[in-house]
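Please read the structure below before turning to the comments.
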Amino acid sequence: MDLITLLLLSAVICVPLAHRFGLGAIPGYLIAGMAIGPSGLRMVTDVPAILAVSEWGVVMMLFVIGLELAPRRLWGMRREVFGAGSLQVLACGLVLGLVFGAGLRHLAGMSWVGAVLCGLSLSLSSTAVALRLLEERGLLKTPVGYSALGVLLFQDMAAIPMLVAAGLLGSDGASAPSFGIALAGVVVVLVMRRMRLLGVVVRTQIRELFTAATLLIVLGSARLFDYAGLSAGLGGFLVGVLLAESRYREELERTIEPFKGLLLGLFFVAVGMSVNVREAWEYWHYVLAGVLALLLIKITLIYVLARIVGLPHYHRLLYALVLAQGGEFSFVIFNEAWDNHLMTLAQRDLLAVVVAISMGLVPCLMRLLEHLPPRFGGIAGMEVRPVGFDEAPGTAADAAAADAAAADAAAAGAAAAGPADARNAAGPAAAALPAAAQAQARRDG
(Lines give C-alpha, C1' and ligand atoms only; values in the text may rest on other atoms or scores of the structure.)
Protein backbone atom coordinates (compact mmCIF):
# COMPACT_ATOMS: atom_id res chain seq x y z
CA MET A 1 0.00 0.00 0.00
CA ASP A 2 2.85 2.37 0.82
CA LEU A 3 4.46 1.62 -2.55
CA ILE A 4 1.23 2.34 -4.45
CA THR A 5 0.76 5.59 -2.53
CA LEU A 6 4.34 6.62 -3.29
CA LEU A 7 3.99 5.89 -7.01
CA LEU A 8 0.72 7.81 -7.25
CA LEU A 9 2.09 10.75 -5.27
CA SER A 10 5.21 11.04 -7.41
CA ALA A 11 3.13 10.99 -10.60
CA VAL A 12 0.59 13.52 -9.30
CA ILE A 13 3.41 15.92 -8.39
CA CYS A 14 5.75 15.52 -11.37
CA VAL A 15 3.30 15.18 -14.28
CA PRO A 16 1.47 18.51 -13.64
CA LEU A 17 4.86 20.22 -13.22
CA ALA A 18 6.01 18.82 -16.57
CA HIS A 19 2.75 20.04 -18.14
CA ARG A 20 3.28 23.45 -16.57
CA PHE A 21 6.61 23.76 -18.38
CA GLY A 22 5.15 22.49 -21.67
CA LEU A 23 6.93 19.11 -21.60
CA GLY A 24 3.91 16.81 -21.59
CA ALA A 25 2.91 13.85 -19.44
CA ILE A 26 5.51 11.26 -20.49
CA PRO A 27 8.61 13.27 -19.46
CA GLY A 28 6.74 13.93 -16.19
CA TYR A 29 6.38 10.21 -15.54
CA LEU A 30 10.04 9.65 -16.42
CA ILE A 31 11.12 12.42 -14.04
CA ALA A 32 8.95 10.93 -11.29
CA GLY A 33 10.62 7.56 -11.77
CA MET A 34 14.12 9.04 -11.75
CA ALA A 35 13.29 11.03 -8.59
CA ILE A 36 12.14 8.08 -6.47
CA GLY A 37 14.23 5.34 -8.13
CA PRO A 38 17.71 3.98 -7.38
CA SER A 39 19.42 6.96 -9.07
CA GLY A 40 17.39 9.49 -7.07
CA LEU A 41 16.00 9.29 -3.53
CA ARG A 42 16.19 5.45 -3.49
CA MET A 43 12.64 5.18 -2.20
CA VAL A 44 11.99 2.29 -4.64
CA THR A 45 14.67 -0.28 -5.43
CA ASP A 46 12.82 -3.33 -6.82
CA VAL A 47 12.55 -1.91 -10.33
CA PRO A 48 12.29 -5.27 -12.22
CA ALA A 49 9.16 -6.22 -10.26
CA ILE A 50 7.48 -2.90 -11.11
CA LEU A 51 8.50 -3.23 -14.77
CA ALA A 52 7.01 -6.73 -14.91
CA VAL A 53 3.63 -5.44 -13.71
CA SER A 54 3.66 -2.21 -15.72
CA GLU A 55 4.40 -3.99 -19.02
CA TRP A 56 0.75 -5.06 -19.05
CA GLY A 57 0.01 -1.42 -19.82
CA VAL A 58 1.94 -1.79 -23.07
CA VAL A 59 -0.05 -4.95 -23.86
CA MET A 60 -3.30 -3.06 -23.31
CA MET A 61 -2.11 -0.15 -25.44
CA LEU A 62 -1.41 -2.55 -28.30
CA PHE A 63 -4.81 -4.18 -27.79
CA VAL A 64 -6.53 -0.77 -28.14
CA ILE A 65 -4.47 -0.03 -31.27
CA GLY A 66 -5.59 -3.38 -32.70
CA LEU A 67 -9.23 -2.48 -32.02
CA GLU A 68 -8.76 0.64 -34.15
CA LEU A 69 -7.28 -1.24 -37.09
CA ALA A 70 -10.38 -2.73 -38.67
CA PRO A 71 -9.63 -3.38 -42.37
CA ARG A 72 -12.36 -0.99 -43.60
CA ARG A 73 -11.11 1.85 -41.43
CA LEU A 74 -7.56 1.36 -42.60
CA TRP A 75 -8.69 1.44 -46.24
CA GLY A 76 -10.33 4.84 -45.73
CA MET A 77 -6.97 6.32 -44.63
CA ARG A 78 -4.84 4.27 -47.01
CA ARG A 79 -2.98 7.26 -48.51
CA GLU A 80 -2.05 8.73 -45.12
CA VAL A 81 -1.26 5.40 -43.47
CA PHE A 82 0.40 3.35 -46.20
CA GLY A 83 1.66 6.28 -48.28
CA ALA A 84 3.10 8.92 -45.93
CA GLY A 85 3.48 6.41 -43.07
CA SER A 86 5.51 3.87 -44.99
CA LEU A 87 7.72 6.59 -46.52
CA GLN A 88 8.49 8.06 -43.10
CA VAL A 89 9.29 4.75 -41.43
CA LEU A 90 11.37 3.47 -44.36
CA ALA A 91 13.38 6.69 -44.84
CA CYS A 92 13.97 7.45 -41.15
CA GLY A 93 14.44 3.79 -40.29
CA LEU A 94 17.06 3.31 -43.00
CA VAL A 95 19.11 6.42 -42.14
CA LEU A 96 18.79 6.11 -38.36
CA GLY A 97 19.46 2.38 -38.55
CA LEU A 98 22.71 3.04 -40.44
CA VAL A 99 23.83 6.07 -38.41
CA PHE A 100 22.95 4.78 -34.94
CA GLY A 101 23.81 1.23 -35.91
CA ALA A 102 27.34 2.23 -36.93
CA GLY A 103 27.68 4.58 -33.96
CA LEU A 104 26.50 2.08 -31.34
CA ARG A 105 28.60 -0.67 -32.90
CA HIS A 106 31.74 1.47 -32.96
CA LEU A 107 31.35 3.43 -29.70
CA ALA A 108 29.45 1.04 -27.45
CA GLY A 109 30.47 -2.34 -28.84
CA MET A 110 26.86 -3.37 -29.42
CA SER A 111 26.14 -6.23 -31.80
CA TRP A 112 25.08 -5.24 -35.31
CA VAL A 113 21.67 -6.82 -34.80
CA GLY A 114 20.97 -4.87 -31.62
CA ALA A 115 22.45 -1.64 -32.99
CA VAL A 116 20.40 -1.68 -36.20
CA LEU A 117 17.23 -2.67 -34.32
CA CYS A 118 17.67 0.24 -31.91
CA GLY A 119 18.33 2.63 -34.79
CA LEU A 120 15.13 1.45 -36.50
CA SER A 121 13.11 1.90 -33.30
CA LEU A 122 14.22 5.55 -33.13
CA SER A 123 12.31 6.19 -36.37
CA LEU A 124 9.10 5.86 -34.34
CA SER A 125 7.48 8.94 -32.80
CA SER A 126 5.54 9.48 -29.60
CA THR A 127 1.83 9.18 -30.36
CA ALA A 128 0.95 10.83 -27.05
CA VAL A 129 3.26 13.82 -27.57
CA ALA A 130 2.44 14.32 -31.27
CA LEU A 131 -1.33 14.19 -30.89
CA ARG A 132 -1.22 16.48 -27.86
CA LEU A 133 0.82 19.09 -29.76
CA LEU A 134 -1.64 18.97 -32.66
CA GLU A 135 -4.68 19.04 -30.39
CA GLU A 136 -3.44 22.08 -28.49
CA ARG A 137 -3.26 24.01 -31.78
CA GLY A 138 -6.54 22.74 -33.21
CA LEU A 139 -4.77 20.95 -36.06
CA LEU A 140 -6.06 17.40 -35.64
CA LYS A 141 -8.81 17.82 -38.25
CA THR A 142 -6.65 19.62 -40.82
CA PRO A 143 -4.51 18.05 -43.59
CA VAL A 144 -1.40 18.20 -41.40
CA GLY A 145 -3.31 16.47 -38.60
CA TYR A 146 -4.67 13.69 -40.82
CA SER A 147 -1.27 13.08 -42.37
CA ALA A 148 0.46 12.96 -38.97
CA LEU A 149 -2.22 10.58 -37.66
CA GLY A 150 -1.69 8.28 -40.63
CA VAL A 151 2.07 8.24 -40.03
CA LEU A 152 1.58 7.49 -36.32
CA LEU A 153 -0.83 4.69 -37.15
CA PHE A 154 1.65 3.09 -39.54
CA GLN A 155 4.37 3.47 -36.90
CA ASP A 156 2.20 1.57 -34.42
CA MET A 157 1.97 -1.28 -36.92
CA ALA A 158 5.70 -1.11 -37.74
CA ALA A 159 6.56 -1.40 -34.04
CA ILE A 160 5.03 -4.89 -33.90
CA PRO A 161 7.62 -6.61 -36.15
CA MET A 162 10.37 -4.74 -34.29
CA LEU A 163 9.10 -6.15 -30.99
CA VAL A 164 8.88 -9.62 -32.52
CA ALA A 165 12.41 -9.27 -33.96
CA ALA A 166 13.78 -8.36 -30.52
CA GLY A 167 12.30 -11.57 -29.15
CA LEU A 168 13.33 -13.79 -32.06
CA LEU A 169 16.88 -12.48 -32.47
CA GLY A 170 17.71 -12.26 -28.78
CA SER A 171 19.05 -14.79 -26.29
CA ASP A 172 21.49 -16.05 -28.95
CA GLY A 173 18.67 -18.14 -30.39
CA ALA A 174 18.36 -20.15 -27.15
CA SER A 175 14.63 -19.60 -26.75
CA ALA A 176 12.97 -20.77 -29.93
CA PRO A 177 9.38 -19.55 -30.08
CA SER A 178 6.51 -22.05 -30.15
CA PHE A 179 4.20 -20.83 -32.89
CA GLY A 180 1.82 -23.70 -32.13
CA ILE A 181 1.00 -22.31 -28.68
CA ALA A 182 0.58 -18.82 -30.14
CA LEU A 183 -1.74 -20.19 -32.82
CA ALA A 184 -3.75 -21.93 -30.10
CA GLY A 185 -4.25 -18.56 -28.41
CA VAL A 186 -5.58 -17.04 -31.64
CA VAL A 187 -7.90 -20.01 -32.17
CA VAL A 188 -9.28 -19.64 -28.64
CA VAL A 189 -10.16 -16.00 -29.28
CA LEU A 190 -11.79 -16.86 -32.64
CA VAL A 191 -13.84 -19.62 -31.01
CA MET A 192 -14.95 -17.25 -28.24
CA ARG A 193 -16.05 -14.72 -30.86
CA ARG A 194 -17.82 -17.40 -32.92
CA MET A 195 -19.69 -18.62 -29.85
CA ARG A 196 -20.52 -15.01 -28.94
CA LEU A 197 -19.39 -15.48 -25.35
CA LEU A 198 -19.15 -11.71 -24.90
CA GLY A 199 -22.83 -11.52 -25.76
CA VAL A 200 -23.59 -14.05 -23.02
CA VAL A 201 -21.65 -11.91 -20.55
CA VAL A 202 -23.43 -8.73 -21.67
CA ARG A 203 -26.87 -10.33 -21.22
CA THR A 204 -26.12 -10.88 -17.53
CA GLN A 205 -26.07 -7.06 -17.21
CA ILE A 206 -23.29 -7.33 -14.62
CA ARG A 207 -20.75 -4.59 -15.38
CA GLU A 208 -17.95 -6.16 -13.33
CA LEU A 209 -18.34 -9.44 -15.21
CA PHE A 210 -17.81 -7.71 -18.56
CA THR A 211 -14.71 -5.99 -17.15
CA ALA A 212 -13.39 -9.35 -15.92
CA ALA A 213 -14.09 -10.96 -19.32
CA THR A 214 -12.29 -8.14 -21.16
CA LEU A 215 -9.21 -8.43 -18.93
CA LEU A 216 -9.26 -12.21 -19.32
CA ILE A 217 -9.31 -11.95 -23.12
CA VAL A 218 -6.41 -9.47 -23.23
CA LEU A 219 -4.19 -10.84 -20.47
CA GLY A 220 -4.92 -14.50 -21.19
CA SER A 221 -4.04 -14.21 -24.88
CA ALA A 222 -0.93 -12.16 -24.09
CA ARG A 223 0.16 -14.74 -21.53
CA LEU A 224 -0.20 -17.53 -24.10
CA PHE A 225 2.02 -15.62 -26.53
CA ASP A 226 4.53 -14.94 -23.77
CA TYR A 227 4.53 -18.61 -22.83
CA ALA A 228 5.11 -19.45 -26.49
CA GLY A 229 8.29 -17.35 -26.48
CA LEU A 230 6.76 -14.51 -28.51
CA SER A 231 5.97 -10.96 -27.48
CA ALA A 232 3.03 -10.57 -25.09
CA GLY A 233 2.37 -7.25 -26.80
CA LEU A 234 1.98 -9.04 -30.12
CA GLY A 235 -0.68 -11.25 -28.54
CA GLY A 236 -2.58 -8.22 -27.28
CA PHE A 237 -2.36 -6.55 -30.68
CA LEU A 238 -3.61 -9.58 -32.63
CA VAL A 239 -6.53 -10.08 -30.26
CA GLY A 240 -7.47 -6.43 -30.76
CA VAL A 241 -7.41 -6.87 -34.55
CA LEU A 242 -9.56 -10.01 -34.29
CA LEU A 243 -12.14 -8.09 -32.24
CA ALA A 244 -12.00 -4.89 -34.32
CA GLU A 245 -15.23 -5.83 -36.15
CA SER A 246 -17.02 -6.92 -32.99
CA ARG A 247 -20.23 -5.12 -32.02
CA TYR A 248 -18.68 -4.67 -28.56
CA ARG A 249 -15.53 -2.94 -29.84
CA GLU A 250 -16.31 0.46 -28.31
CA GLU A 251 -17.35 -1.09 -25.01
CA LEU A 252 -14.13 -3.13 -24.92
CA GLU A 253 -12.08 0.00 -25.52
CA ARG A 254 -13.91 1.98 -22.81
CA THR A 255 -13.46 -0.87 -20.35
CA ILE A 256 -9.73 -1.32 -20.92
CA GLU A 257 -8.87 2.40 -21.16
CA PRO A 258 -8.53 3.16 -17.38
CA PHE A 259 -6.34 0.10 -16.81
CA LYS A 260 -4.24 0.98 -19.85
CA GLY A 261 -3.74 4.58 -18.74
CA LEU A 262 -2.69 3.70 -15.19
CA LEU A 263 -0.40 0.83 -16.14
CA LEU A 264 1.14 2.74 -19.04
CA GLY A 265 1.89 5.64 -16.71
CA LEU A 266 3.42 3.13 -14.29
CA PHE A 267 5.50 1.74 -17.17
CA PHE A 268 7.04 5.16 -17.87
CA VAL A 269 7.65 5.66 -14.14
CA ALA A 270 9.42 2.28 -14.08
CA VAL A 271 11.49 3.24 -17.14
CA GLY A 272 12.49 6.44 -15.33
CA MET A 273 13.47 4.39 -12.28
CA SER A 274 15.66 2.15 -14.41
CA VAL A 275 17.58 5.07 -15.94
CA ASN A 276 21.06 5.36 -14.49
CA VAL A 277 21.32 9.14 -14.15
CA ARG A 278 24.93 9.07 -12.96
CA GLU A 279 26.00 7.01 -15.94
CA ALA A 280 24.13 9.31 -18.30
CA TRP A 281 25.87 12.29 -16.71
CA GLU A 282 29.24 10.58 -17.07
CA TYR A 283 28.64 10.01 -20.81
CA TRP A 284 26.75 13.27 -21.38
CA HIS A 285 28.58 13.96 -24.66
CA TYR A 286 27.25 10.71 -26.15
CA VAL A 287 23.74 11.58 -24.94
CA LEU A 288 23.96 15.08 -26.44
CA ALA A 289 25.26 13.73 -29.75
CA GLY A 290 22.48 11.15 -29.84
CA VAL A 291 19.73 13.72 -29.21
CA LEU A 292 21.07 16.11 -31.85
CA ALA A 293 21.50 13.34 -34.42
CA LEU A 294 18.01 11.98 -33.76
CA LEU A 295 16.24 15.35 -34.07
CA LEU A 296 18.25 16.67 -37.03
CA ILE A 297 17.89 13.49 -39.09
CA LYS A 298 14.17 13.10 -38.45
CA ILE A 299 13.35 16.81 -38.94
CA THR A 300 15.23 16.87 -42.26
CA LEU A 301 13.68 13.70 -43.66
CA ILE A 302 10.13 14.43 -42.46
CA TYR A 303 10.32 17.99 -43.85
CA VAL A 304 11.07 16.47 -47.26
CA LEU A 305 8.13 14.09 -46.73
CA ALA A 306 5.88 17.09 -45.97
CA ARG A 307 6.76 18.56 -49.37
CA ILE A 308 6.08 15.24 -51.08
CA VAL A 309 2.59 14.91 -49.56
CA GLY A 310 1.79 18.52 -50.55
CA LEU A 311 1.49 20.26 -47.19
CA PRO A 312 1.62 24.10 -47.28
CA HIS A 313 4.99 25.70 -46.51
CA TYR A 314 3.92 27.05 -43.11
CA HIS A 315 2.98 23.52 -41.93
CA ARG A 316 6.05 21.64 -43.15
CA LEU A 317 8.44 22.47 -40.32
CA LEU A 318 5.64 22.05 -37.79
CA TYR A 319 4.85 18.63 -39.27
CA ALA A 320 8.52 17.65 -39.04
CA LEU A 321 8.79 18.80 -35.41
CA VAL A 322 5.61 17.03 -34.33
CA LEU A 323 7.04 13.68 -35.51
CA ALA A 324 10.71 14.30 -34.66
CA GLN A 325 10.90 12.98 -31.09
CA GLY A 326 11.46 9.40 -30.09
CA GLY A 327 8.40 7.37 -29.17
CA GLU A 328 6.91 5.25 -26.41
CA PHE A 329 7.58 2.09 -28.37
CA SER A 330 11.31 2.88 -28.33
CA PHE A 331 11.31 2.28 -24.56
CA VAL A 332 9.42 -0.96 -25.06
CA ILE A 333 11.78 -2.17 -27.80
CA PHE A 334 14.88 -1.17 -25.81
CA ASN A 335 13.56 -3.08 -22.82
CA GLU A 336 12.70 -6.11 -24.98
CA ALA A 337 16.18 -5.99 -26.56
CA TRP A 338 17.83 -5.79 -23.13
CA ASP A 339 15.63 -8.62 -21.81
CA ASN A 340 16.76 -10.78 -24.76
CA HIS A 341 20.46 -9.91 -24.35
CA LEU A 342 20.79 -7.75 -27.46
CA MET A 343 22.16 -4.85 -25.40
CA THR A 344 23.55 -4.19 -21.94
CA LEU A 345 21.72 -2.36 -19.16
CA ALA A 346 24.00 0.68 -19.54
CA GLN A 347 23.32 0.88 -23.29
CA ARG A 348 19.57 0.65 -22.69
CA ASP A 349 19.74 3.42 -20.08
CA LEU A 350 21.67 5.79 -22.37
CA LEU A 351 19.28 5.23 -25.28
CA ALA A 352 16.27 5.74 -22.98
CA VAL A 353 17.73 9.07 -21.85
CA VAL A 354 18.20 10.15 -25.49
CA VAL A 355 14.55 9.41 -26.28
CA ALA A 356 13.28 11.04 -23.08
CA ILE A 357 15.23 14.25 -23.73
CA SER A 358 13.97 14.40 -27.33
CA MET A 359 10.39 14.10 -26.06
CA GLY A 360 10.99 16.99 -23.69
CA LEU A 361 12.71 19.20 -26.27
CA VAL A 362 10.14 19.00 -29.06
CA PRO A 363 7.39 20.94 -27.20
CA CYS A 364 9.94 23.68 -26.48
CA LEU A 365 10.97 23.79 -30.15
CA MET A 366 7.31 24.08 -31.13
CA ARG A 367 7.05 27.22 -29.03
CA LEU A 368 10.08 28.67 -30.81
CA LEU A 369 8.57 27.81 -34.19
CA GLU A 370 5.65 30.13 -33.51
CA HIS A 371 8.09 33.03 -33.20
CA LEU A 372 10.15 32.26 -36.33
CA PRO A 373 9.59 34.41 -39.44
CA PRO A 374 8.08 32.67 -42.49
CA ARG A 375 11.36 32.64 -44.44
CA PHE A 376 12.71 30.19 -41.82
CA GLY A 377 9.58 28.03 -41.86
CA GLY A 378 7.82 29.76 -38.98
CA ILE A 379 4.63 31.81 -38.83
CA ALA A 380 5.68 34.97 -36.95
CA GLY A 381 4.60 38.16 -38.73
CA MET A 382 2.33 36.44 -41.25
CA GLU A 383 -0.59 38.65 -42.27
CA VAL A 384 -3.04 35.73 -42.11
CA ARG A 385 -2.45 33.35 -39.23
CA PRO A 386 -2.83 29.67 -40.27
CA VAL A 387 -5.60 27.67 -38.65
CA GLY A 388 -4.68 26.37 -35.22
CA PHE A 389 -2.40 29.26 -34.26
CA ASP A 390 -3.48 31.97 -31.86
CA GLU A 391 -3.29 35.57 -32.88
CA ALA A 392 -0.31 37.60 -31.75
CA PRO A 393 -0.48 38.68 -28.07
CA GLY A 394 -2.76 41.64 -27.68
CA THR A 395 -4.30 41.37 -31.14
CA ALA A 396 -7.45 39.58 -30.04
CA ALA A 397 -7.95 41.87 -27.06
CA ASP A 398 -7.43 44.99 -29.15
CA ALA A 399 -9.89 43.78 -31.76
CA ALA A 400 -12.50 43.02 -29.12
CA ALA A 401 -12.05 46.46 -27.57
CA ALA A 402 -12.40 48.11 -30.97
CA ASP A 403 -15.59 46.13 -31.65
CA ALA A 404 -17.09 47.16 -28.31
CA ALA A 405 -16.17 50.84 -28.81
CA ALA A 406 -17.70 50.88 -32.30
CA ALA A 407 -20.89 49.26 -31.05
CA ASP A 408 -21.21 51.76 -28.17
CA ALA A 409 -20.66 54.71 -30.49
CA ALA A 410 -23.26 53.45 -32.95
CA ALA A 411 -25.80 52.88 -30.19
CA ALA A 412 -25.22 56.35 -28.74
CA GLY A 413 -25.63 57.91 -32.19
CA ALA A 414 -28.87 56.04 -32.75
CA ALA A 415 -30.31 57.20 -29.43
CA ALA A 416 -29.51 60.85 -30.21
CA ALA A 417 -30.84 60.69 -33.78
CA GLY A 418 -34.27 59.35 -32.89
CA PRO A 419 -36.34 56.41 -34.18
CA ALA A 420 -36.02 57.24 -37.86
CA ASP A 421 -32.23 57.24 -37.87
CA ALA A 422 -31.90 54.41 -35.40
CA ARG A 423 -32.59 51.84 -38.10
CA ASN A 424 -29.86 53.37 -40.31
CA ALA A 425 -27.38 53.35 -37.44
CA ALA A 426 -28.09 49.71 -36.69
CA GLY A 427 -26.15 48.63 -39.80
CA PRO A 428 -22.70 49.88 -38.66
CA ALA A 429 -23.36 48.69 -35.14
CA ALA A 430 -24.24 45.20 -36.33
CA ALA A 431 -21.18 45.13 -38.59
CA ALA A 432 -18.99 45.89 -35.58
CA LEU A 433 -20.45 43.07 -33.52
CA PRO A 434 -19.09 39.51 -33.66
CA ALA A 435 -21.16 36.98 -35.62
CA ALA A 436 -22.71 35.45 -32.50
CA ALA A 437 -23.85 38.88 -31.26
CA GLN A 438 -25.30 39.68 -34.67
CA ALA A 439 -27.39 36.51 -34.56
CA GLN A 440 -28.61 37.35 -31.06
CA ALA A 441 -29.52 40.88 -32.17
CA ARG A 442 -31.58 39.52 -35.07
CA ARG A 443 -33.42 37.15 -32.74
CA ASP A 444 -34.20 40.03 -30.36
CA GLY A 445 -35.80 41.94 -33.26
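The values are calculated or read from the model by the stated rules, or taken from the named source; none is laboratory data. Since the structure is predicted, the reported quantities are computational estimates derived from the model, not experimental observations. As a convention, Cβ positions derive from the backbone with ideal geometry for all residues, glycine included, and neighbour counts pool all protein chains shown. We work out accessible area using only protein heavy atoms, side chains counted, and drop any ligands, DNA or RNA first. Shrake-Rupley method; radii C 1.70, N 1.55, O 1.52, S 1.80 Å.
Annotations
- Mean accessible surface per residue for the stretch 243-382, computed with a 1.4 Å probe while every protein chain stays in place, in Å²: 43 Å²
- If the segment from residue 245 to residue 281 were pulled out straight at 0.36 nm per residue, it would be longer than the present Cα-Cα gap by 8.1 nm.
- Nitroxide proxy distance, nm - points 7 Å out along Cα→Cβ at residue 5 and residue 365: 4.2 nm
- Peptides 281-294, 323-336 ranked from most to least packed give 323-336, 281-294, packing being the mean of other C-beta atoms within 10 angstrom over each peptide's residues.
- Its residue count N fixes a reference of 2.2 N^0.38 Å for the stretch 295-375, and the Cα radius of gyration divided by that reference is 1.33.
- Using the Cβ-Cβ distance between residue 307 and residue 141 with R0 set to 22 Å, the FRET efficiency works out to roughly 0.50.
- Here the gap between residue 344 and residue 12, fully extended at 0.36 nm per residue and compared with their Cα-Cα distance, gives a gain of 116.4 nm.
- Distance between the 7 Å Cα→Cβ label points at residue 257 and residue 288: 4.4 nm.
- In the stretch 1-107, the C-alpha radius of gyration followed by the widest Cα-Cα span (Dmax) gives 19.3, 50 angstrom.
- Tensor-based shape of the stretch 254-324 (alpha-carbon gyration tensor, a/c under 1.5 rounded, otherwise prolate or oblate): oblate
- Global geometry of the stretch 61-127, whether rounded, prolate or oblate, following the gyration tensor of its Cα atoms and the 1.5 cut on a/c: prolate
- Efficiency of FRET from Cβ geometry, residue 105 and residue 205, R₀ 56 Å, rounded to 0.05: 0.40
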